[in-house]
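Here's the structure we're looking at; comments come further down.
Since every read-out is calculated from the coordinates, none of them should be taken as a lab result. These numbers come from a predicted model, not from an experiment. Because the Cβ atoms are built from the backbone with ideal geometry, glycine has one as well, and the counts that use them run over all protein chains shown.
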Amino acid sequence: MKLLMAIIFALRAGLLQNPSFEEPADSPEVPAHWNRWGHWLNREPGWDPTHTGKCMIGYHHWQIESTDNSGLWQEVTNLKAGQRLKFAIFVWFDQTDRPVQEVELRLEATRQSRQVTIESAKFTPKNFPSEQWHQLSVTGTTPEDHVRVILIVTPTPNTPRGGAVKFDDATLEIVAPGER
């Protein structure tokens, strides 16, 4: 079953490179073809359970000392302006009394050397059962021939912080107009 799921997600993720974070970049904590900022948002080959494969992105919320967010992003080119795109990723929220404040998925484009938000969706852990995989998504229409997919994690404002958030199997697909 896990192999079948991996094949399905590989086909749907065709617009993204390294969508399940299996390949490391020069630094093993960073997935190849992805960029990151902030603290403790790392490629994790040893965490379980993965959604598929052997790696995921892990946000070490219990380690975060500041209120700054952390994020992961990838540029996707060779699109057509006016295409409707859906960016999705699977998320796992650990059971904790001090979860992250929110997870945001965003689609952006560059216009006149500035990033412009196409669409954004914010999710809070309290709206999801913990200790299981959920798919989050955002859908928007790109005004340009490229898009930047972004994952942003905002820690809870107060310490101590608890638990972790796991991410796996990102997808970016072209969808029909009106489809969510």
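Some notes on this structure:
- Taking only the alpha carbons of the range 2-174, we obtain Rg and Dmax values of 15.5, 46 Å in that order.
- Calculated [θ] (222 nm, deg cm²/dmol) that DSSP helices of n ≥ 4 give over the chain, each run adding -39,500 (n - 2.57): -2000 deg cm²/dmol
- Note on residue 121 and residue 37: with the Förster distance fixed at 30 Å, the Cβ-Cβ geometry gives a FRET efficiency of about 0.95.
- Listed residue pairs exceeding 26 Å between alpha carbons, taken from 54/80; 80/166; 86/126: 54/80; 80/166
- Inter-probe distance in nm under a simple model that places probes 7 Å from Cα toward Cβ, at residue 48 and residue 98: 2.7
- Residues of the range 146-167 with amide N under 17 Å of the 7 Å Cα→Cβ point at residue 81: 146-148
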